[in-house]
Structures are given as C-alpha cells and as structure tokens.
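Just so you know, all these numbers are worked out from the coordinates, no wet-lab data involved. These numbers were taken from a predicted model, which means no experiment stands behind them. Heads up, the Cβs are rebuilt from the backbone with ideal geometry, glycines too, and the neighbour counts pull from every protein chain shown.
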Amino acid sequence: MQTVRWEIHDDKTQYKDAISEAAKLLRDGETVAFPTETVYGLGADATNADAVDKIFAAKGRPQDNPLIAHVGSKAQLKKLVQHIPEYVEQLMDTFSPGPITYVLYSNGTCSDKVTAGQDTIGVRIPDHPIALELLQTCNIPIAAPSANISGRPSPTTANHVWDDLQGKIAGLLDGGPTGVGVESTVIDCTQEIPIILRPGGISKEQLEEVVGEVKTDPALVNDQLKPKAPGMKYKHYTPDVPLWLVDGSDEAIQLLIDKERGKNKRVAFFARDARCHGMTADDIVPLGENVGQVATRLYDALRKYHASEMDLIICEAFAKEGIGDAVMNRLEKAASQFLTDIPNE
Ligand code: TXA
Ligand code: MG
C-alpha cells in the first residue's frame, strides 16, 4: 500500500485540502495517522469493524486491547456513551479538549472491535487544531491508538510514524512534533469515585483539584494484579538498546557508567539538563530543564539508537509527582532494570 503523506503548513488552503482528503479516506474505511497534543494517533472509523481491523493489522496490536474513540466535540462524545456522571461533566469543562480519556458505559454506537467486547468505551477530545478539524470534518468517531508498531515507543513526530507504518496505512498528516509527549490520562468513570487506569498528560493532583477524591488502579503499583486497562499489562515503549532506570547520586551514577564502559559497553546517559553537566559517557542526552520537558522529548530519545550504535542507556529516575508519574510509568515499562540505592563507592 502506498501511504499518502500531507505536510501541513500554515497555508490555510493547503491545510483544508489535506484535511478533506484525509477525512474522505477515513469515511471510506481507511486508516490515517494524525497528530494530537499527546502523540500521533492511527485513526479509523470507530463504527466500522473492517476499518478498525486495519488498525490492529498495521500495528500488530493484540485484539484484546480496546481503542480510544476520538471525537471533535462534547456533543459528539455524548452520542457514544450511556449516562455521564456529574463529575465527568466537571472534568470535561476543565480538561476537554485535552489529554484525558473517560472510560464510560458504551451505548453500542462504536464497533465491538473498538471496545474489545467490553461494555465500556474510552472517549477523548484531543486538543490539537489538526485533530479537531479532522474529527469535525469527517463527523464520525475515530478509533485511534498511538501510531506505532505495538511495543515500540509512541510517536511524537511524523517521522516516527513513517518509520513504523509507512506502506501499512493509507495516510499520514504531518503536523510537526506533538506537545505533551506522553499519552492521555485514562480514567474509569463507571464508579462513584474516578479511578486512574493509566497516568498521563493530566496529573492526579490536577484531577483532585476539580473532583476531590481520585483513586488509582492498584495494578499500577502491584505487578501481581490484573490492570483494568488491558493495554497496561503489555510490555511497551521498548528501545532497541537496553535501558536501565537508575535512582542514585551523581557520583553513584557516574561510577555505574564507568563500570559498564569498563566492560567495553558504549553507554548513553539520559537526564535533566542540570544533571548532565560534568558527567562522562559515550553520549549525554539532556532531556530538558524539568520533567514536563522530559515528557515532551522522552519517546524521541527512546528511538535515538539502533542496537548497532549503543549498548546501554542509563536514565535517571524522576519523582512520581505531577506529570513525573506518567513519565516514570513509561520508563518503568521501557526499562529492563530499575536500580535503586546504588552505592556511591
Ligand atoms: O494520548 C492518547 O491517549 C493517545 C492519542 C493517540 O490519543 N492514544 C493512545 O491509545 O494512547 P492507545 O491505544 O495506545 O492506549 C489506550 C489505552 C490502552 O492502555 C487501553 O487498554 C486503554 O487505553 N483503554 C481503552 N479503552 C478502554 C476501556 N474501555 N477500558 C479500559 N481501558 C481502556
Ligand atoms: Mg499505545
């Protein structure tokens, strides 16, 4: 299959033409990747089982992992679900459009392929001009997982999508790099108190400010439990080079890097800018001033090396606060080891 790639520039006529062509492909049951504020999504008509099948085929995604339905407005969202609890109305008023997905009881409008046969559906309004215009133009709910091969880091640029899916999808809208960098927060809204199933772009602290108590799926901190978001049980975000997540002082991390380099390994170090100064490794990758910038750059950094170019990535661990919670959730999945309390000598 030949993948059409539209470069979206500021030129408004070109912009409209590209979006109408992409919307037509979606309405015809084809797959199109598009930017959102979090990561690129791979879209298909959520009401068309054959179209949704094409997403699973292109990504190599396990069939039991449900997809998020993307819509362009609250009115469109309400057409996909049964009852909307009062606290969801409050959350929507504050955070939608934005990086948040509400899991609610489905009314059956979307295909069983989207919900993986469950009675609930994840719905979200992305906060990105191209995504919103596309969704409003095609006027159908669009099922869209992250536009990567299953198991790989999610795509934050059109080139990431191209590397993974060129030739396997009908179209790609290139709108430049995404902003938030980690995916939406997925919250179960079928209970009296909302439950975070996947930490993401909106933090627990932000949610609590609006609705008071918010729970977290206990499976997120206990490997023995089955997660309520089926996707959370899979290995994810895996770089081509092994990654160790390390919690320790600068001296302790430098000693570890030296020790591994002493075994003839090429070692890259990933950290916030301030922690990179004075460190020695085969490559030093500053991920930003703060953990918000780390979120934006993380997936690009995880795609930086092929196995032939580096032997080990050592990445600093971050505090699990605010968006740091989502960053650490992704890093713990990407890492082959999480080393804490490493010795200083
Ligand atoms: O930011 C995002 O959410 C991106 C962009 C493209 O919108 N999408 C995304 O989709 O991350 P995906 O498919 O890569 O991850 C969706 C997650 C999975 O862990 C899935 O299991 C969970 O949401 N999920 C979807 N529907 C669900 C449902 N009905 N109940 C529980 N979990 C659900
Ligand atoms: Mg994904």
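Rounded, prolate or oblate: which one fits region 1-130, using the alpha carbon gyration tensor with axes a ≥ b ≥ c (rounded when a/c is under 1.5, else prolate when a/b beats b/c, else oblate)? Please list the in-between numbers first.
Details: a/c = 2.10, a/b = 1.24, b/c = 1.69.
The shape class here is oblate.
Which value at 222 nm does the chain reach when only helices count, each DSSP H run of 4 or more adding -39,500 (n - 2.57), with the total divided by all residues and rounded to the nearest 500 deg cm²/dmol? Intermediate results must be reported in sequence, preceding the final value.
On the way: 12 runs with 111 residues, N = 345.
Helices in the chain give a 222 nm mean residue ellipticity of -9000 deg cm²/dmol.
Could you give the size of the charge dipole of region 48-192 about its Cα centre, using +1 on the Cβ of each K and R and -1 on the Cβ of each D and E, expressed in debye and rounded to the nearest 20?
Working: 10 positive and 16 negative charges, 71 e Å.
Computed about the Cα centre, the dipole is about 340 debye.
Work through the residues other than LYS113 whose Cβ is under 12 Å from its Cβ and net out their charges, Lys, Arg +1 and Asp, Glu -1.
Numbers: positive: LYS54, ARG61; negative: ASP45, ASP50, ASP53, ASP64, ASP112.
That works out to -3.
Computed over the Cα atoms, what is the radius of gyration of the chain divided by 2.2 N^0.38 Å, N being its residue count? Walk me through the numbers on the way to the answer.
Details: Rg = 20.3 Å, N = 345, 2.2 N^0.38 = 20.3 Å.
Here the answer is 1.00, to two decimals.
Would you tally the net charge around THR156, using a Cβ to Cβ cut-off of less than 14 Å, leaving THR156 out, and scoring K and R as +1, D and E as -1? Kindly include the intermediate steps, with their values, before the conclusion.
Numbers: positive: ARG152, ARG297, ARG303, LYS304, ARG330; negative: GLU37, ASP163, ASP164, ASP174, GLU183, ASP300.
Value of the local net charge: -1.
So if I restrict to the alpha-carbon atoms in region 208-250, what is the Rg, and what is Dmax, the biggest pairwise distance, in Å?
Rg, Dmax (Cα atoms, Å): 15.3, 41.
From Cα pairs below 8 angstrom and at least 6 apart in sequence, can you work out the relative contact order of region 4-220, rounded to a whole percent? Please report the intermediate quantities before stating the final value.
On the way: 496 pairs, mean separation 63.9, N = 217.
It rounds to 29 percent for region 4-220.
Quick one: net charge around VAL123, please, counting Lys, Arg +1 and Asp, Glu -1 for every other residue with C-beta under 12 Å from its C-beta. Each step should come with its number before you reach the end.
Details: positive: LYS74, LYS78, LYS79, ARG124; negative: none.
Local net charge: +4.
Given q = 0.30 Å⁻¹, what are the Debye log10 I(q)/I(0) values for region 302-345, with equal point scatterers placed on the Cα positions and solvent ignored?
-1.14
Out of GLN166, ASN290, PRO126, whose Cα points farthest toward the positive end of the dipole of the chain (charges: +1 Lys, Arg; -1 Asp, Glu; placed on Cβ)?
Positive-most Cα among the choices belongs to GLN166.
State the Cα centre-to-centre distance between region 6-32 and region 296-345 in whole Å.
First find each Cα centre; the distance between them is then 36 Å.
Can you give the % of DSSP beta bridges in region 4-220 that are antiparallel, to the nearest 5? Walk me through the intermediate numbers first.
Working: 16 of 31 bridges.
Percent antiparallel among DSSP bridges in region 4-220 is about 50.
Rg(Cα) of region 243-340 divided by 2.2 N^0.38 Å?
Working: Rg = 12.4 Å, N = 98, 2.2 N^0.38 = 12.6 Å.
Cα-based Rg divided by the globular estimate yields 0.99.
What residues qualify as long-range amide H neighbours of GLY201, i.e. H under 5 Å apart, gap of 5 or more or another chain, H built at 1.01 Å from N?
Those qualifying (amide H under 5 Å, at least 5 residues apart or on another chain) are SER184, THR185.
What FRET efficiency comes out for GLU251 versus ASP119 if R0 is 56 angstrom and r is the Cβ-Cβ distance? Round to the nearest 0.05.
Working: r = 53 Å, r/R0 = 0.95.
Once the sixth-power term is evaluated, E becomes 0.55.
To make sure I understand the rule: partners must be aspartates and glutamates, Cα under 16 Å from the Cα of LYS113, and not fewer than 8 residues away in the same chain. Which ones qualify?
Here the aspartates and glutamates satisfying the reach criterion relative to LYS113 are GLU30, ASP45, ASP50, ASP53, ASP64.
Whole-Hz ³J(HN,Hα) for each residue in region 237-243, computed from phi via Karplus 6.51 cos²θ - 1.76 cosθ + 1.60 with θ = phi - 60°, x for glycine and proline: what do you get?
With the stated coefficients, region 237-243 comes to 6, 6, x, 6, 10, x, 10 Hz.
With charges set only on the Cβ (+1 for Lys and Arg, -1 for Asp and Glu), what does the dipole of the chain come to about its Cα centre, in debye to the nearest 20?
Working: 35 positive and 50 negative charges, 184 e Å.
Dipole of the chain, to the nearest 20 debye: 880 debye.
Among 222-232, 135-145, what's the highest-first ranking by average C-beta atoms within 10 angstrom per residue?
For the peptides 222-232, 135-145, the packing ranking is 135-145, 222-232.
Between region 182-198 and region 207-232, what is the separation of their alpha carbon centroids in Å?
7
Using amide H atoms built 1.01 Å from N in the peptide plane, name the residues 5+ places from ALA33, or on other chains, whose amide H lies under 5 Å from its own.
Here GLY43, GLY171, LEU172, LEU173 satisfy the definition.
Can you tell me, using C-alpha contacts under 8 Å and at least 6 residues apart, the relative contact order of region 243-340 as a whole percent?
Across region 243-340, relative contact order equals 41 percent.
Loop-only check: which GluC sites (Glu not before Pro) in region 223-306 are DSSP coil with at most 16 other Cβ within 10 angstrom?
On the way: sites: GLU251, GLU260, GLU289; in loops: GLU289.
Within region 223-306, the qualifying GluC sites (Glu not before Pro) (loop, at most 16 other Cβ atoms within 10 Å) are GLU289.
When the Cα centres of region 129-154 and region 84-106 are compared, how far apart do they sit, in Å?
After rounding, the separation between the Cα centres reads 18 Å.
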